[in-house]
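The values are calculated or read from the model by the stated rules, or taken from the named source; none is laboratory data. This structure is a prediction, so every number in the text was calculated from the model and none was measured. Here the Cβ positions follow ideal geometry from the backbone for every residue, glycine too, while neighbour counts run over all protein chains shown. Ligands, DNA and RNA are stripped out before the accessible areas are found, and what is left, the full protein with its side chains, is counted by its heavy atoms. Shrake-Rupley method; radii C 1.70, N 1.55, O 1.52, S 1.80 Å.
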Amino acid sequence: MEFPLSARVRGARRGLVATGVAGGVLAAATVASVAGDAAGWVSVPRPVQAGLVLVTLFVLPVVWVGAHAAWALRGRAELFAAAGEHPRRRPTDRQLVGHLRDEHPLTPLWWMLSVLGGLGTLCLGVALPFALADGAVLAGVLLGAGLAVSLATLALSVSGIRRSGRRGSEDRRRRTELWSLPSAVERRLAVSLLGTGDGGHLGT
């Protein structure tokens with residue numbers, strides 16, 4: 001029998017599903033616009049096409065991982081709280097995999113931000129000297145501002161990865177003290193959301 005979770009957690013789950021559906025529609029529209037424009041079937045303005053590609057590649061993954069983290073965090077907090085009221089029960093395997101992985105729910109989000117921050121720093125750092133050499137002051141200002149944001153994101157994400165790693169270890173120890181789990185479930189809980197182990201997120 002499942003632990004009862006509140007309407008707040010169920011609402012976060014619906015938000016996650018809606019984000020996934022909207023992301024699938026947006027990705028399909030992006031692929032269709034690029035393919036249709038390349039084949040000459042439809043004319044798509046370049047700014048619109050570039051915006052769709054950028055949003056699909058960089059914004060959409062962060063939004064989906066953030067929605068997943070919100071759902072997992074809310075369920076995790078309620079499952080730990082419910083353990084005191086139902087000491088002889090444990091969450092179902094589905095609840096454990098959804099909310100109580102070894103990995104803290106914010107870890108994938110911090111990894112994704114670190115990758116995007118690193119890419120932004122690399123690209124903008126290369127482009128900024130060329131813009132300044134050409135005397136493009138406005139472009140240089142915009143590129144410099146973007147570079148500063150990328151560097152700040154990278155620094156923030158590194159500290160966030162360390163902090164969420166510590167919190168994940170604490171939650172894992174607490175889960176082990178509360179519930180005895182089969183080894184098969186333990187292996188499933190060790191699988192990262194975006195990778196296959198420590199540092200695996202960079203490979204995605």
> Out of curiosity, is L122 open to solvent by 50 Å² or more (accessible area, probe 1.4 Å) and of a type outside the set (S, T, N, Q)?
Replying inline: yes
>> For a quick check of your reading of the model, give me the residue pairs whose first member lies in the range 100-122 and is in contact (Cβ under 8 Å) with a residue 40 or more places away in the chain, whose second is among the aromatic types (F, W, Y) and outside any loop (DSSP other than H, G, I, E, B), with beta-carbon atoms closer than 8 Å and at least 6 apart or on different chains.
In response: L116/F58
> Which helices (runs of 4 or more DSSP H) sit wholly inside the range 89-202 and have at least 3 residues that are in contact with a Ser or Thr (Cβ under 6 Å, 6 or more places away or on another chain)?
Replying inline: 107-133, 137-178
>> If I go through the range 1-49 residue by residue, how many of them are more than 26 Å from L73 (Cα to Cα) and touching a residue at least 60 places away in the same chain (Cβ under 8 Å)?
In response: 0
>> Step by step: first the residues of the range 157-204, then only those that are polar (S, T, N, Q), modelled with pLDDT of 90 or more and more than 30 Å from T121 (Cα to Cα), then the one that is surrounded by the fewest Cβ atoms within 10 Å (Cβ to Cβ). Which residue is that?
In response: S183
> Out of the range 51-75, which residues are among the small types (G, A, S) and touching a residue at least 40 places away in the same chain (Cβ under 8 Å)?
Replying inline: G66, A67, A69, A70, G75
> What do you reckon, is A145 over 18 Å from S114 (Cβ atoms) and loosely packed, with under 12 Cβ neighbours inside 10 Å?
Replying inline: yes
>> Any residue in the range 160-185 that is touching a residue at least 40 places away in the same chain (Cβ under 8 Å) sitting within a Cβ distance under 7 Å of a residue that is open to solvent by 50 Å² or more (accessible area, probe 1.4 Å)? List the pairs, counting only those 6 or more apart or interchain.
In response: W179/R90; V185/D93
